[in-house]
Ligand code: FPP
């Protein structure tokens, strides 16, 4: 039996707050530790010849409900992260992209995002996508409205797939950390035939070793895509 190949990995990074509380730290320190982990996992993905895209859920449309100070901290952390990570993107030939509605972010953060996208746009080893102020339903509605504006009368699956913000690519494997077993409005369209993996590990404790084990598990699964194998 041939092994599955992972081309597009998606991760719901959950558990920063619980990780911090468990060790008597502030929730914001959990987010800092979580941001470090994004770098580790991204460089691991860049070194894996099969993985072409890694998409991380960094801020959902629902995350605005968090205390104002925590939201502000996450925005500043993102800005710092991108500033620091440019070096990682360039030295590992990683392209950086954002999906989600970033118009609501400050002008300086939008500038930082655009600049990072621009400076990495020709990199080919891996595309790292950060989902920011992202919601899966909103992404689908946005694509449908765009097609209507373009004058489409009948909409096909292929039309939606190619009009979504996320560059066209189904997800092979979705991992969610922290023991929660939910999709939480992430990449709803692209997850149709994905393999799902839920681990109790809190995101800041996640390691590339565990990722390697999960990928091995994925490679051995039988994927039928609705057919018979
Ligand atoms: C969930 O932890 C995490 C998020 C809010 C999204 C991921 C954010 C990061 C990894 C940090 C910063 C990201 C970037 C790109 C710099 P939680 O607060 O929901 O944890 P809890 O469920 O234990 O409270």
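Once the chain from residue 87 to residue 191 is taken as fully extended at 0.36 nm per residue, the excess over their C-alpha distance is 34.3 nm. Remark: segment 74-188 projects, on average over all directions, an area of 8.8 nm² (convex hull of Cα atoms). For segment 5-85, averaging the sequence separation of C-alpha pairs within contact (under 8 Å, six or more residues apart) and dividing by the residue count gives a relative contact order of 38 percent. In percent, rounded to a whole number, the relative contact order of the chain is 28, using alpha-carbon pairs under 8 Å and six or more apart. Extension gain, residue 118-residue 50: 0.36 nm per intervening residue step, less the Cα-Cα distance, totals 22.0 nm. The coefficient of translational diffusion for segment 1-133, derived via Stokes-Einstein from the alpha carbon Kirkwood radius under 4 °C and 1.567 mPa s, stands at 83 µm²/s. A P(r) calculated from all alpha carbon pairs of segment 32-101, with 10 Å bins opening at zero, reads 16, 50, 27, 7, 0 percent.
Size descriptors for the chain, from the alpha-carbon set: Rg then Dmax equal 17.7, 57 Å.
Along each principal axis, taking the top coordinate minus the bottom one, the Cα set of segment 3-66 gives 42, 25, 18 Å in descending order.
Rounded, prolate or oblate for segment 87-141? Axes are the square roots of the Cα gyration tensor eigenvalues, ordered a ≥ b ≥ c, and the cut-off for rounded is a/c under 1.5. Taking the square roots of the gyration eigenvalues as a ≥ b ≥ c, segment 87-141 is oblate. Comparing 54, 33, 158 in a Gaussian network model of the chain, where Cα atoms under 10 Å apart are tied by springs, the biggest mean-square fluctuation is seen for 158.
Average projection, convex hull of the Cα set of segment 129-189: 4.8 square nanometres. Taking other C-beta atoms within 10 angstrom as a stand-in for reagent exposure, 189, 19 fall in the order 189, 19, fewest first.
Once the Kirkwood radius over Cα pairs is known for segment 120-229, the Stokes-Einstein relation at 25 °C and 0.890 mPa s delivers a diffusion coefficient of 151 µm²/s.
Remark: spin-label model distance residue 36-residue 71 equals 2.8 nm, labels positioned 7 Å along the Cα→Cβ axis. Computed over the chain with a Gaussian network model linking Cα atoms closer than 10 Å, the most mobile of 68, 114, 76 is 68. Once the Cβ-Cβ distance between residue 107 and residue 154 is put in as r, and R0 is 41 Å, what FRET efficiency do you end up with, to the nearest 0.05? The pair residue 107/residue 154 has a calculated efficiency of 0.55.
Extension gain for the segment residue 228 to residue 207, taken as residue separation times 0.36 nm less the Cα-Cα distance, is 4.1 nm to one decimal.
The numbers here are math on the coordinates, done by the rules we state, and not lab data. Everything numeric here is computed off the predicted structure, so don't read it as measured data. So basically every Cβ, Gly included, is an ideal-geometry build from the backbone, and we count neighbours across all protein chains shown.
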